[in-house]
1. Of everything in the stretch B:110-135, what is closer than 22 Å to B:I206 by Cα and among the acidic types (D, E)? Give them in sequence order.
2. Quick one: which residue in B:S65, B:S32, B:S36 is out of contact with any Leu (no Cβ under 9 Å at 6 or more places or on another chain), touching a residue at least 24 places away in the same chain (Cβ under 8 Å) and within 9 Å of another protein chain (Cβ to nearest Cβ)?
3. State the number of residues belonging to the stretch A:81-115 that are surrounded by fewer than 14 Cβ atoms within 10 Å (Cβ to Cβ), in a loop (DSSP other than H, G, I, E, B) and either facing chain B (nearest Cβ under 7 Å) or among the polar types (S, T, N, Q) (or both).
4. Assess whether A:A59 counts as being more than 25 Å from B:T121 (Cβ to Cβ), more than 22 Å from the chain's Cα centre (by Cα) and either at pLDDT 95 or above or more than 11 Å from chain B (Cβ to nearest Cβ) (or both).
5. What do you reckon, is B:L44 at the interface with chain A (Cβ under 7 Å from one of its Cβ atoms) and either free of Cβ contacts under 8 Å to residues at least 24 places away in the same chain or surrounded by fewer than 15 Cβ atoms within 10 Å (Cβ to Cβ) (or both)?
6. If a residue has to be buried (at least 21 other Cβ atoms within 10 Å of the Cβ) and free of Cβ contacts under 8 Å to residues at least 60 places away in the same chain to count, how many in the stretch B:47-59 make the cut?
7. Considering only residues of the stretch B:69-85 that are out of contact with any helix residue (DSSP H, G or I) (no Cβ under 9 Å at 6 or more places or on another chain) and not in a helix (DSSP H, G or I), which is modelled with the lowest pLDDT?
8. State which residue is nearest to B:W200 (Cα to Cα) when the search covers only the stretch B:96-149 and only residues that are among the small types (G, A, S) and not in a helix (DSSP H, G or I).
Amino acid sequence: MSVSDETLAREAQAEHDAQTEHEGHDHPSDRSYVGIALILAVLTALEVASFYVEDQLGALLVPALVIMMIVKFVLVVAWFMHLRFDSNLFTRVFVSGLVLAVGVYAATLTTFRFW
Amino acid sequence: MSVSEQTAPPEVVADRADHVPHDAAAPAHHTSTGLSNEKLGMWLFLGSECLLFGGLISAFLLYRSKDVEGMVGPAVGDLYDIPFTSVSSFVLLMSSLTMVLSLSAIQRADHRRARTWLLTTAMLGATFIAGQVYEFTSFVREGLGYTTNLQSSAFYTLTGFHGVHVTIGILMLVSLFVMSLRGRLPAERSETVEIVGLYWHFVDIIWIIIFTLVYLIPA
């Protein structure tokens, strides 16, 4: 890529970032993506830390881990997979599969007296 | 598509279909939904993949709590190396960031940066797979083979299926990298990167679930 190409790309990035920050209907800026990744990293660190203080957390361990897992899941799907910004139809299609899977296997585990 | 929709400008058709285009630079889709069929197909595929991985995770959870008495070989949970797997999980998580940065770069026609992020994503994925191979090898050395007990079969099937998905993702990323090098991935075709990205992020969210339910939550 030539120097002029790089300058054009940088200008396009600045324009893109400004547009996304102000209008809000486009994909988020790179800065937002890095912010989300930092949150994900912190949550992962908390998950691992909670594993090591299992005895202190007691009955709270499993709910805490599950909540952190769900938050991470939602952050990736909403921001990195752009469901937050895309058509609702994509959300409906994906959530249908997800809810069906959770329902079917929750019923299966209940049948086998897992809980 | 109705006659009025056929004659209407694409953006009007898109509005009627309750769709706000997320990328103003992306071409309008002349489909009955106003959305990209390829992207919709990928979301359908990912929805169905939830059922596949749901079944594998459920099977593991069931078998982990069974056969404790009289079980042959070590229990999977006794062999976990949590610090090592945590690093692997972090690597895969960060590959989602590099993937989305690659998409962002190609959407603004910054092809060199897009290629850099694509290659970084593929390398992070390969690092994760290398970690999985190391983990499997160390488990086998400890006497936990695929058919040692029900737990081990369920564990290797679940994590192995996930590993195969990551490997397929790496192949797709390398293909995109080569396409970009040959100039066959212009900004107008950024949706191809987005669709591969959806697959890659899905593989990541499945690992988020596996890491918590299989590794961190005690049996």
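The values are calculated or read from the model by the stated rules, or taken from the named source; none is laboratory data. Small disclaimer: the values here were computed from a predicted structure and weren't measured. All Cβ positions, glycine included, derive from the backbone under ideal geometry; neighbour counts span all protein chains shown.
1. B:E135
2. Being out of contact with any Leu (no Cβ under 9 Å at 6 or more places or on another chain), touching a residue at least 24 places away in the same chain (Cβ under 8 Å) and within 9 Å of another protein chain (Cβ to nearest Cβ) holds for just one of B:S65, B:S32, B:S36, which is B:S65.
3. So the count comes out to 1.
4. Yes.
5. In short, yes.
6. 4
7. If we take residues in the stretch B:69-85 being out of contact with any helix residue (DSSP H, G or I) (no Cβ under 9 Å at 6 or more places or on another chain) and not in a helix (DSSP H, G or I), then B:E69 is modelled with the lowest pLDDT.
8. Checking each candidate, the answer is B:A109.
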